[in-house]
Amino acid sequence: SFESIDRQVVLASVAAGVFTPLCLLPSLAPLGSASVLGVLGIGVTGGAMAIRLWDGSYGPAGDLVAEAFAAPSFTLPLEGVAALPPSSGAVVFFLSLISNAYLAV
């Protein structure tokens, strides 16, 4: 069973066996197609989430609300940092991260 495998051993093995050879490539151009596939995967996931949002599947009376791992609460107010809207600095920082990721491709 997988419970007997130490987490640190798995992380070190993946880092040594997968990430290190990729970091030693003279050019990252061969990884461009994998980057495009990753962006497409994120788009598909976001699309599926948007469809579930718009059709109300996970809403209070939705078909899939019983399938949620934790019962959603639609009446409790947000507390702490989660109640604050994102600051303009945070939005600008996020946009700069997205633009850098786009330019890296």
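Listed values, structure above:
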{"quantity": "Residue, farthest from Ala101 (Cα to Cα), within region 46-62, restricted to residues that are assigned to a helix (DSSP H, G or I) and open to solvent by 80 Å² or more (accessible area, probe 1.4 Å)", "calculated": "Asp55"}
{"quantity": "Region 19-35, residues that are outside any loop (DSSP other than H, G, I, E, B) and open to solvent by 70 Å² or more (accessible area, probe 1.4 Å)", "calculated": "Phe19, Cys23, Ala29, Pro30, Ser33"}
{"quantity": "Those residues of region 65-102 which are open to solvent by 100 Å² or more (accessible area, probe 1.4 Å), modelled with pLDDT under 70 and outside any loop (DSSP other than H, G, I, E, B), in sequence order", "calculated": "Val81"}
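The values are calculated or read from the model by the stated rules, or taken from the named source; none is laboratory data. Note that the coordinates shown come from a computational prediction; the quantities given were computed from them, not determined experimentally. The accessibility values were calculated without ligands, DNA or RNA, using every heavy atom of the protein model including side chains. Shrake-Rupley method; radii C 1.70, N 1.55, O 1.52, S 1.80 Å.
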